[in-house]
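Presented below is the structure to which this report refers.
The values are calculated or read from the model by the stated rules, or taken from the named source; none is laboratory data. Quantities reported herein were computed from a predicted structural model and do not represent experimental measurements. A quick note on method: Cβ atoms are made from the backbone with ideal geometry, for glycine too, and the neighbour counts reach across all protein chains shown. Calculation scope for accessible area: heavy atoms of the full protein, side chains included, ligands and nucleic acids excluded. Shrake-Rupley method; radii C 1.70, N 1.55, O 1.52, S 1.80 Å.
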Amino acid sequence: MDLKSTRPRPSRALDPLLACTRWLALVSGVPVLAGCSGIQSALDPAGNDAYEIYLLTIVMTVGGTLIFVGVTALLLYAIFSRPEQRAWLGTRRTIVYGGLAFPIVTLTFLLPYGLTVMRDTDVPTADALQIEVIGEQFWWRVRYPAEQGQPEVTTANEVALPIGRRVTVTVTAADVIHSFWIPNLAGKIDMIPGRVNRFSFTVERPGVYRGVCAEFCGDQHALMAFDVLAMEDAEFSAWRAAQAAPAREPVTPFLERGRELFRSGGCGNCHAIRGTEANGQFGPDLTHVGSRRTIGAGQFPNNIGTLGGWIANTQHLKPGVRMPSYGMLTGEDLRAIAGYLESLK
Amino acid sequence: MNAPESPKSFERDTSEFPNPVPRPKDELEKLKRPWVPPKGLSFITAVNNTYVGMWYVGTALLFFVLAGILALIMRTQLASPESDLVGHDLYNQLFTMHGTVMMFLFAVPAVEAASVYLLPNMQAARDLPFPRLSAYAFWAYFVGGLVFFSTIFFGLAPKSGWFMYPPLSSLKYSPEDNADWWLLGIGFIEISAIAGAIEIIVGVMKTRAIGMSLDKMPIYSWAMIVFAAMIIVGFPAIILGTLLLEMERAFDWPFFIAERGGDPLLWQHLFWFFGHPEVYIIFIPATGMVSMIVPALAQTPLVGYRLIVLALIATGFLSFGLWVHHMFATGLPKMSLSFFSAASTAVAVPSGIQVFAWIATIAAGRMKLNTPSLFIIGFLFIFVLGGLTGVMVAMVPFDWQAHDTYFVVAHLHYVLIGGMVFPLFAALYFWIPAASKRPLSERLGRWVFGLMFLGVNVTFFPMHITGLIGMPRRVYTYPVGMEWHELNLISTVGAFMIAAGVALFIYDMLRNFRPVQDQNAGNVWNAGTLEWLPNGNYGVRSIPVITSREPLWDQANLAKDVEAGRYYLPGTVTGGRETIVTSPFDARPQYILQIPGPGWQPLLAAVFTAGFFLLLTVKLVFPSIVCGVLAVGCVIWWLWETDPGPVRPPADIGGGFTVPVYVTGPMNHSWWGMISLLVVCGMIFTCLVFSYLFLWLVNPGAWPPEGVVVPHFLYGAVVGALYLASAALIVWASRNLRGEDRRRPASVPILIAIALLLFVAGSAMDLWSHWQTGLSPKEHAYGAAVYGIVSFQVLFVGVTLIMGLYTIARWLAGKLDSVRRTTFDNTMLFWYYTTAQGLGGAAVVYGFPKLVGGY
Amino acid sequence: MLGGFLAWAVQFTVIYGVTSTVCARGWADTTVLGAGIVPFTVAGTTLVAAVAAAAFLVHALRKHRRLQSADASVTDVFLIQGAVLISAFSIAAILWHGLPALILPACS
């Protein structure tokens, strides 16, 4: 079946990076060194919905700049030009045309445009890929329900998306309010306890993006992000199949030891590793933790070193998270556990 | 007894003055005597608007500086990625306090404070109609605000954001007292704001210069009446919100807990129904100031007076249709969002009108580039930019991206600093000559402006981009490599420029600000409005007739004639403080209001009110109750001295006007005050009923939840009948208390007493009927909502009880008769309101579940 | 004087209240006279409110003309002029609020 979106792709004429530079040049006297083409930037749209909003942004920025320049020029003219020259400006007519008629006309055009963009973005379709994301203090629980013979997948702090296919993310929260936001792909949607919200968008450009929590959710709101992997369809299917599989068996005694320490340390009370007896549901699922790009909800690159550091110093690296620091582990034990987790590709 | 109202506007030939000169020699002395402030320590009991206004403005500026320092710490932390200057816990307290203090302890009090000082002077009244109420509002704010702020030094400051969204702010996720400080601290600062608003409404409507009809009112007065009306409509929502959340935290009533039928979104609706108008509540008085300053500096009347009045009223209305634009990302249906998008665009029009009116006025006149005018220009520049980004975020899809990012931080600081801080600084530079022996320094002022103007733009302009390239708000740190750090560093530099400007301003104040009541620097701008008349503690010597919007320009020699006592009421007729009350539309003199003087009562009442709330916060329940009782006692002591009655026959104020010194009924100023208060109560109740209906909406099939029985409708009918019977007795008592013969029928206290019994019985029955069904307020939001409505009614019946007993006491003390009956009238109005509220509540609680198919 | 804005306030309350209730309870498929209940309510209320505001405008304009010929007080003329401006502006605001019915789906 055709999974590709029927919607047009972003116009190549407006290459995002180029447009972004233009945008800055338009609005800014401030020297901006930073580029806008980021992995977490609303000015670098990688999908149709983000692109339409981006276009709206450009239109409004240009329009706003023109109005701003116009009003400022009038103000300066009113102050500095010769009294007889500016006399025409000092009447009620100025207010009626400038303050009443002009905004009413402008806004009568802008409002329907805004409403149309709203109608055309975030539209669910029947064949959309379903993803469920639950916001928790301070990480993301991610689930792909089984569909069309493809098995269910549970993961955390990472969302993989096929390009060209509509995606509907169903969100809620387990504790406090969070907000799910991938700036390159779409706007944000709040995750509210007791409420289920849906949000749909399409990715058009493969790549790695970053999403963050946008609603203040407590101590570590600042360190609550996730990775977004946008990939071709086949690649996505492969990813999905791999994620659905149970965890790899340890292949060396060292890794074996890591698994044993994971078990005896009680890690399985909070974390699940499918295929082992660890089935805790409190924290992130670790079945394929080694395959993820980052750990700590988008905070640190994923390798043995950071994994070990995280386990030993959780409360130092991200104070206030639910997981305690396991500082009492010896260096060797720590390496073994970290090595085992890292092997869970 | 009441002066006749005439439909015709007040017009007279101003060539003849109402009072001849020379005036009797001792007249001025006699006028001055009651207005002398107390000496020594008792000076703090002064209630005159000039003193209270000045303290009030000073305190507001103190909080501006304090909250600004918090912002500097935050900016320093964010200057570089992964900075370790402050930890997450302190940072979260910092941004919560910065927002809360700036909004509740600086912005609203500052504009209210300025009007306490300016309004009476601008309207040539001797004082506000309820000076002790302003003193109460000030002291409650002063004591409560300082204690609240100091929590930051003990790590006890609230840290859930100034918006306090549950469940983050609920007991489960904020178990410490931090959140309670916010709820109780802010709750009662709102009470102070409402007290001020009622004062302003009555002040604008009832105490104006003679002939200052609605079309001649200074725009500032228009702005303040809209401001005050918005407060009494908007603030009740947040009062109710804080009440519900505190009930949830203290007694586990699950209004916002989803597992038990509550909904976190209910809070957001209540909060933003207040929170968005709040922005305009801050902005409107500032535009009022600008509309006064611009004509004075340009030396020409304001162009488009009528359009500006329209703009103010339009803003007042539309701002109540905007609240959901803070909730565009909460997943509400697009159709619902779009209504708020439409209102958010519509509200840009009134702002446009005002901006162009100021530009036209500047063009029509000649504006010199002095410090106040620089601040006005800076204001226009910054505010227009902020307004345009405001239109951008009004477009829902754009807001989905911009919401909760630094783009919004940039936007809101542009509108608030542009829309309120710059006008306020313009106002300080502009009006300080009216309150100080010396004006502020022009040379320093330009530096202050330059630093602040550049600083604001350097700080906040880059944030537009920071936000769009992905930086969310309320983060205590951000990772390296996100390309946000240069922009953040620039913002931090800008923040210190603003700080330098404010520091320079403080230095200027210390050097040049020398507060005086008379002998001030005078009309240095050659402005046209009445606050520039020569005045003293007593206000102006005589209250002028005005025939234009800029009387000082259009009425030659006005200042001299006013000072000579040629106009109305050049002395005192009762020997005490007094001012003329005028009719609300065309400002004809109606009666002489005897104004209370200094006293400890408002101060002590405020301190004990603050004590009640603050001690409750730290769970010292018993001392807190003691404070509460003392506060009520002080209020009664304070009230006891009011309602003086007709102490003398109607007095001649000049020009053939003989007006009474006491009236009752709808002409009376306290009648207006009571009506305003009842609007507040009615709004709280409306929000409560809205909450009930909202909770019904989110609980399909569970209203009432399984296993809960709604009491039989008969109970509701009996409760309603008891309330109605009680009100009928009060109607009867009121009929008996009529006549010019100052009769004191014994039936009055007896009827009141019986009515009280019926009232108490009604509310007791109300409470009992639910209790006997076994309904618990803790199990489900249904029970919480029902008991919320019922206990709100019980509270009001309790207040009626106190008022009824007080009225009986007045009768027993011989201070209540058929002429001197303002006390009775106020009690009566409150009684009728409470009856209506009780009937409405009963209809909802007993009737609604049946209506929607409950059992 | 405030008639126009009161018409707007009523319109706003009705359309928002009905949309929220209908969408929250899943009654969006209900039809009235062949139209969905939400667009029907929004369009209908907008029409009624706009007509009301227009009536206020006409009334104010007439009264204004009458007052100008008569020897009316400045305050009364001022109030009526205010009413003219307010009802005229509120017509624009009311129509803007009806716009979504033409563009957006009822509940999504």
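Within the range C:4-56, can you find the residues that are hydroxyl-bearing (Ser, Thr, Tyr) and either within 11 Å of another protein chain (Cβ to nearest Cβ) or under 11 Å from the mean Cα position of the chain (by Cα) (or both)?
Of everything in the range C:4-56, those that are hydroxyl-bearing (Ser, Thr, Tyr) and either within 11 Å of another protein chain (Cβ to nearest Cβ) or under 11 Å from the mean Cα position of the chain (by Cα) (or both) turn out to be C:Thr13, C:Tyr16, C:Thr19, C:Ser20, C:Thr21, C:Thr41, C:Thr45, C:Thr46.
Taking A:Asp175, is it closer than 29 Å to B:Pro264 by Cα, touching a helix residue (DSSP H, G or I) at 6+ places or on another chain (Cβ under 9 Å), among the charged types (D, E, K, R) and facing chain B (nearest Cβ under 10 Å)?
On the way: closer than 29 Å to B:Pro264 by Cα: yes; touching a helix residue (DSSP H, G or I) at 6+ places or on another chain (Cβ under 9 Å): no; among the charged types (D, E, K, R): yes; facing chain B (nearest Cβ under 10 Å): yes.
In short, no.
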Flag for B:Ala434 being in a helix (DSSP H, G or I), closer than 22 Å to B:Leu302 by Cβ, of a type outside the set (Val, Ile, Thr) and over 23 Å from the mean Cα position of the chain (by Cα): yes
On the basis of being open to solvent by 60 Å² or more (accessible area, probe 1.4 Å) and out of contact with any Phe, Trp or Tyr (no Cβ under 6 Å at 6 or more places or on another chain), does A:Glu332 make the cut? yes
Checked pairs for the range A:207-227, first at the interface with another protein chain (Cβ under 7 Å from one of its Cβ atoms) and free of Cβ contacts under 8 Å to residues at least 24 places away in the same chain, second open to solvent by 10 Å² or more (accessible area, probe 1.4 Å) and among the aliphatic types (A, V, I, L, M), C-beta under 8 Å and 6 or more apart or across chains, list as A:Phe216/B:Leu168
When the residues of the range A:194-209 are filtered to those that are within 30 Å of B:Ala258 (Cβ to Cβ) and of a type outside the set (Ser, Thr, Tyr), which remaining residue is most open to solvent (accessible area, probe 1.4 Å)? A:Arg198
Check the range B:524-534 and report whether any residue there is assigned to a loop (DSSP other than H, G, I, E, B) and either within 27 Å of the chain's Cα centre (by Cα) or farther than 30 Å from B:Asn370 by Cα (or both). yes
From B:Leu440, B:Leu374, B:Leu385, which residue is more than 10 Å from chain A (Cβ to nearest Cβ), open to solvent by 10 Å² or more (accessible area, probe 1.4 Å), assigned to a helix (DSSP H, G or I) and touching a residue at least 12 places away in the same chain (Cβ under 8 Å)? B:Leu374
Whether any residue in the range B:406-420 is more than 14 Å from every other protein chain (Cβ to nearest Cβ) and over 18 Å from B:Gly275 (Cα atoms) is what I want to check. no
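For the range B:473-494, name all the residues that are under 35 Å from the mean Cα position of the chain (by Cα), at the interface with chain A (Cβ under 7 Å from one of its Cβ atoms) and open to solvent by 10 Å² or more (accessible area, probe 1.4 Å).
Going residue by residue through the range B:473-494, those that are under 35 Å from the mean Cα position of the chain (by Cα) are B:473-476, B:491-494.
Add one more test, that the residue is at the interface with chain A (Cβ under 7 Å from one of its Cβ atoms), and what stays is B:474-476.
Selection gives B:Arg474, B:Tyr476.
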Any residue in the range B:296-308 that is closer than 19 Å to B:Val524 by Cβ sitting within a Cβ distance under 7 Å of a residue that is among the charged types (D, E, K, R)? List the pairs, counting only those 6 or more apart or interchain. B:Leu297/B:Lys368; B:Ala298/B:Arg366; B:Gln299/B:Arg366
Taking the conditions exactly as written (at pLDDT below 95 and open to solvent by less than 30 Å² (accessible area, probe 1.4 Å)), does B:Ala521 satisfy them or not? no
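Residues that are of a type in the set (A, V, I, L, M, F, W, C), free of Cβ contacts under 8 Å to residues at least 40 places away in the same chain and within 8 Å of another protein chain (Cβ to nearest Cβ): does the range A:113-132 have at least one? Show your work before the answer.
Filtering the range A:113-132 down to residues of a type in the set (A, V, I, L, M, F, W, C) leaves A:115, A:117-118, A:123, A:126, A:128-129, A:131.
Pick out the ones that are also free of Cβ contacts under 8 Å to residues at least 40 places away in the same chain and you get A:115, A:118, A:126, A:129, A:131.
After this cut, where a residue has to be within 8 Å of another protein chain (Cβ to nearest Cβ) as well, the list is A:115, A:118.
Checking the range A:113-132: at least one residue is of a type in the set (A, V, I, L, M, F, W, C), free of Cβ contacts under 8 Å to residues at least 40 places away in the same chain and within 8 Å of another protein chain (Cβ to nearest Cβ).
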B:Val47 passes all but one of (1) more than 16 Å from the chain's Cα centre (by Cα); (2) open to solvent by 10 Å² or more (accessible area, probe 1.4 Å); (3) closer than 30 Å to B:Tyr220 by Cα; which number fails? (2)
Give the number of residues within the range A:86-101 that are under 49 Å from the mean Cα position of the chain (by Cα), at the interface with chain B (Cβ under 7 Å from one of its Cβ atoms) and open to solvent by 30 Å² or more (accessible area, probe 1.4 Å). 1
Residue tally, condition open to solvent by less than 60 Å² (accessible area, probe 1.4 Å), closer than 23 Å to A:Trp181 by Cα and not small (Gly, Ala, Ser), over the range A:249-300: 8
B:Thr547 vs. criteria touching a Leu at 6+ places or on another chain (Cβ under 7 Å), farther than 26 Å from B:Glu442 by Cα and surrounded by fewer than 24 Cβ atoms within 10 Å (Cβ to Cβ): no
Go through the range B:84-129 and report how many residues are among the acidic types (Asp, Glu) and surrounded by fewer than 24 Cβ atoms within 10 Å (Cβ to Cβ). 2
Checking B:Pro598 against (1) open to solvent by less than 10 Å² (accessible area, probe 1.4 Å); (2) farther than 17 Å from B:Val663 by Cβ; (3) touching a Pro at 6+ places or on another chain (Cβ under 6 Å): exactly one of these is not met. Which one? (1)
Among the residues of the range A:262-282, is any touching a Lys or Arg at 6+ places or on another chain (Cβ under 8 Å) and part of a helix (DSSP H, G or I)? no
Here the residues within the range B:327-351 that are in contact (Cβ under 8 Å) with a residue 12 or more places away in the chain, out of contact with any His (no Cβ under 8 Å at 6 or more places or on another chain) and within 7 Å of chain A (Cβ to nearest Cβ) are B:Thr330, B:Lys334, B:Ser338, B:Thr345, B:Ala348, B:Val349
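For the range B:401-419: of the residues being of a type in the set (A, V, I, L, M, F, W, C) and either without any contact (Cβ under 8 Å) to a residue 12 or more places away in the chain or open to solvent by 10 Å² or more (accessible area, probe 1.4 Å) (or both), which is farthest from B:His326 (Cα to Cα)?
Filtering first and then ranking leaves B:Ile417.
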Restrict the check to the range B:255-271 and report whether at least one residue is away from chain A (no Cβ under 14 Å) and open to solvent by 10 Å² or more (accessible area, probe 1.4 Å). no
Among the residues of the range B:619-640, is there at least one that is in a loop (DSSP other than H, G, I, E, B) and either within 22 Å of the chain's Cα centre (by Cα) or over 26 Å from B:Gly187 (Cα atoms) (or both)? no
